[in-house]
1. Given the criterion among the hydrophobic types (A, V, I, L, M, F, W, C), outside any helix (DSSP H, G or I) and either closer than 17 Å to Ala199 by Cα or not assigned by TED's automatic domain parsing to the domain that holds Ala48 (or both), identify the matching residue among Leu237, Leu331.
2. Taking segment 76-87 as the search range and keeping residues that are touching a residue at least 12 places away in the same chain (Cβ under 8 Å) and more than 16 Å from Leu228 (Cβ to Cβ), which one is farthest from the ligand (Cβ to nearest atom)?
3. Which one of Ala217, Ala265 is in contact (Cβ under 8 Å) with a residue 40 or more places away in the chain, buried (at least 24 other Cβ atoms within 10 Å of the Cβ) and part of a helix (DSSP H, G or I)?
4. Of everything in segment 89-134, what is among the aromatic types (Phe, Trp, Tyr) and more than 13 Å from the ligand (Cβ to nearest atom)? Give them in sequence order.
5. Is it the case, given these coordinates, that Ile15 is touching a Leu at 6+ places or on another chain (Cβ under 9 Å), part of a loop (DSSP other than H, G, I, E, B) and not assigned by TED's automatic domain parsing to the domain that holds Thr364?
6. Filter segment 76-129 for residues that are more than 20 Å from the chain's Cα centre (by Cα) and of a type in the set (A, V, I, L, M, F, W, C) and give the result.
7. Mind listing whichever residues of segment 279-289 are of a type in the set (A, V, I, L, M, F, W, C) and over 17 Å from the mean Cα position of the chain (by Cα)?
8. Checking the structure you have, find out if any residue of segment 69-76 is crowded, with 16+ Cβ neighbours inside 10 Å and over 19 Å from Phe222 (Cβ atoms).
Amino acid sequence: MAVLSNCDPEVAALIRAEEQRLAATIDLIAAENHPQPGILEAQGSVFAVKAAEGYPAARYHAGCLHADALETLAMERCQALFDADHANVQPHSGVAANWAVYFANLKPGDRILAMRLSHGGHLSHGAAASATRRCFRFAHYGVDPATETIDYDAVAQLAARTRPRMLVAGASSYPRLIDYPRLAAIAADVGALFLVDMAHIAGLVAAGVIPSPVPHADFVTFTTYKTLGGSRGGVILCRARFKRPIDRSVFPGCQGTPALNMIAAKAVCFRLALQPEFRSLQQQTIANARHMAQAFQHRDYRVVTGGTDNHLVLIDLRSRGISGEQAEKTLAAAGLIANRNPIPFESPDPDRSGGLRLGTPAITTRGMREKEVDLIVDWIDRLLQNPDHDRPRRSVEAGVADLCRRFPLPS
Ligand SMILES: Cc1ncc(COP(=O)(O)O)c(C=O)c1O
């Protein structure tokens, strides 16, 4: 960073501080990961300069020889990784990818059926605070109160009643597998298109350690920076017959110039995900999450749905006299970074939620396994039992520092 330090010492200092924060804390945010340095190098590369409106061999700017080769490479790797007919790698984010799918297929006012935010869905699936809700008429399905898993019969009934143009599956805090064939059949029954937003689980799907939605959905969107281990960005996969409307909806419909530096980072991320080691990493991510859920249950915590099939664990703290927000702050003060999350059927306001969402992608990337998960759960338990005391905080801080030293960030 010698050049940046000369050019802008303030930003250079902030970057250094953020590097140190990441190295010295344990990241349990289910939506985060630690990208390999090659990915960040590609993201910070000279490809950030080029304007390249359009697509390979059909650009609105000259000088796109290398841009075309790069985007083609990213698309080919992505299609191979997910066995998809077509990949559009230009969306700047997961939400941008969802907007492009909506606008490729729907008119303002059309009906969409999606999972409720407070039951695990995402803002861009028609939450009250999202502009998606102002453009389309959303109906929402949720989970069954007894099992806390998706109630597919209720989804079928709701679909029959509301006749949506599009059915959306996928979630931000749903710890169980989703039955894609069942949802695809429900969509087909009512003549709806089927979108799966697999932002959280794309890495698990790429590695083949959980079922893929690709054979069942018309469209699949995802982000590259969660389980997949890349840096920020979105992608759309679609069936061959939707290639043209999807591409036109991304550009010129919803976005302008693609961020070629992000596409470079995506290409590197896909290459890494195609390596055999990636599969073991994703298997361990799930093993760590399962172990974490069990370790909390042994300590009498209520784990939403009674466990997990993926990379995240949702803990219900309501009976323990501490809110999700307090828990988040207490853990962060000791170097454990997680986030509060609503529990199905409680107030949907995340600031008043009684849940804590914990994820294992980042710790697994650092090489941590079940033994380290036990330590982390023990620390979280001690902190949550004594949120106002300095002694447990200081001892956990020392443990976190030691663990971070033993399991450095990817280099
Ligand atoms: C299911 C789902 N979709 C979309 C997104 C949004 O991605 P982005 O923040 O990159 O727009 C997220 C982010 O957490 C998500 O969980």
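1. Values: Leu331 fails: outside any helix (DSSP H, G or I).
It is Leu237.
2. My answer is Asp85.
3. On the way: Ala217 fails: part of a helix (DSSP H, G or I).
The conditions single out Ala265.
4. As a first pass, look at segment 89-134 and keep what is among the aromatic types (Phe, Trp, Tyr): 99, 102-103.
Correct list: Phe103 only.
5. Values: touching a Leu at 6+ places or on another chain (Cβ under 9 Å): yes; part of a loop (DSSP other than H, G, I, E, B): no; not assigned by TED's automatic domain parsing to the domain that holds Thr364: yes.
No; evaluated as a whole, the condition is false for this residue.
6. Once the filter is applied, which keeps residues that are more than 20 Å from the chain's Cα centre (by Cα) and of a type in the set (A, V, I, L, M, F, W, C), segment 76-129 yields Ala80, Phe103, Ala104, Leu106, Ile112, Leu113, Ala128.
7. Let us first name the residues in segment 279-289 that are of a type in the set (A, V, I, L, M, F, W, C), namely 281, 286-287, 289.
Listed by number, the list holds a single entry, Ala287.
8. Narrowing segment 69-76 to residues crowded, with 16+ Cβ neighbours inside 10 Å: 70-71, 73-75.
Remaining after also requiring over 19 Å from Phe222 (Cβ atoms): 70.
Yes, because at least one residue in segment 69-76 is crowded, with 16+ Cβ neighbours inside 10 Å and over 19 Å from Phe222 (Cβ atoms).
The values are calculated or read from the model by the stated rules, or taken from the named source; none is laboratory data. Source: prediction; values computed, not measured. Methodologically, a virtual Cβ is constructed for each residue, glycine included, from the backbone with ideal geometry; neighbour enumeration extends over all protein chains shown.
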